[in-house]
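A.B. asks: Input: one structure, supplied below.
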């Protein structure tokens with residue numbers, strides 16, 4: 001027998017009646033954006049959707065429901081006229097398609113106008129992010145001082161990036177307890193990936209040693225729920241409990257030591273270390289499906305951009321020519 005639901009007194013409600021009604025009236029277009037779990041994806045998609053709104057003259061969310069395939073085709077043509085790369089146009093169309101898939105699920109529209117709109121072909125699977133050579137990777141790992149706290153921290157950071165292919169945001173989210181998770185007798189990293197997805201990666205012996213040395217000098221190894229990698233000092237000169245930021249990883253660690261050892265060029269940053277780790281794993285016969293899981297990729301096509309086994313410079317016929 002069903003019992004009546006208990007009605008809570010108004011004073012105990014977290015939402016007031018006007019707040020409740022306002023949330024009920026939020027259009028699905030705004031709900032889609034709020035539902036994107038990755039801050040990086042939100043930033044990219046927000047920019048892409050704003051460009052589409054400017055092109056079509058959309059002012060309020062409800063106007064998205066009047067969009068037809070012709071509008072999307074015209075937008076694609078305009079993006080091509082601007083000389084944008086095929087990959088950039090594909091991403092912008094993917095952002096718009098994601099919005100309309102959500103609107104279809106909410107029954108706000110009857111169909112997705114992006115479906116059937118051809119996306120530019122990608123010239124090759126190889127991505128734009130470069131991978132370092134073995135000698136460059138070794139030089140980078142040895143660049144920070146082995147005697148100072150900052151040097152020990154930075155050696156540990158570079159090791160984690162180069163041996164585990166983490167994104168810089170993933171590295172900054174690591175807690176002390178995430179670094180040495182025992183699974184089937186093997187130390188693992190517990191990594192919070194895109195969309196809040198967790199994955200466990202076996203920890204490399206070099207990284208275990210370097211992180212242990214860093215924690216021993218830093219003194220926060222017992223703070224299991226605290227950030228693993230932290231700024232060396234807070235603005236007042238004392239110890240900090242905050243996590244190192246992704247920007248700090250980029251500027252104060254990776255790019256700094258790249259310049260120090262003479263590694264220069266376009267797109268040189270933390271993602272180049274991720275590309276280096278993935279490329280190295282594939283070149284040493286790692287299964288590409290395992291590498292996909294290791295990297296936290298949803299699609300194996302994303303992993304293939306790191307598969308450069310057929311394009312190693314040292315294998316070129318150039319170096320077989322002899323006169």
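Since every read-out is calculated from the coordinates, none of them should be taken as a lab result. Because the structure is predicted, anything quoted here is derived from the model rather than measured. As a convention, Cβ positions derive from the backbone with ideal geometry for all residues, glycine included, and neighbour counts pool all protein chains shown.
A.B. asks: Write down Rg/Rh for the stretch 52-92, rounded to two decimals, with Rg from the C-alpha atoms and Rh from the Kirkwood relation over Cα pairs.
C.D. replies: Values: Rg = 11.0 Å, Rh = 11.0 Å.
So for the stretch 52-92, dividing Rg by the Kirkwood Rh gives 1.00.
A.B. asks: In addition: Once you sort the root eigenvalues of the Cα gyration tensor of the stretch 134-310 as a ≥ b ≥ c, which label holds: rounded (a/c under 1.5), prolate (a/b larger than b/c) or oblate (the other case)?
C.D. replies: On the way: a/c = 1.76, a/b = 1.28, b/c = 1.37.
Because a/c hits 1.5 or more and a/b fails to exceed b/c, the stretch 134-310 counts as oblate.
A.B. asks: Residue 55 versus residue 90, label points 7 Å from Cα toward the beta carbon: distance in nm?
C.D. replies: Label at residue 55, label at residue 90, 1.7 nm between them.
A.B. asks: For the stretch 228-299, what class follows from the C-alpha gyration tensor (a ≥ b ≥ c being the square roots of its eigenvalues): rounded when a/c is under 1.5, otherwise prolate if a/b is larger than b/c, else oblate?
C.D. replies: Details: a/c = 3.25, a/b = 1.72, b/c = 1.88.
Oblate, because a/c is 1.5 or more while a/b does not exceed b/c.
A.B. asks: How are the alpha carbon pair distances in the stretch 26-105 distributed across 10 Å bins from zero to the largest one, expressed in percent?
C.D. replies: Bins of 10 Å from zero give 17, 56, 26, 2 percent of pairs.
A.B. asks: Something else about it: How much FRET efficiency would the formula 1/(1 + (r/R0)^6) give for residue 118 and residue 293, where r is the Cβ-Cβ distance and R0 is 30 Å, rounded to 0.05?
C.D. replies: Values: r = 31 Å, r/R0 = 1.02.
Calculated value: 0.45.
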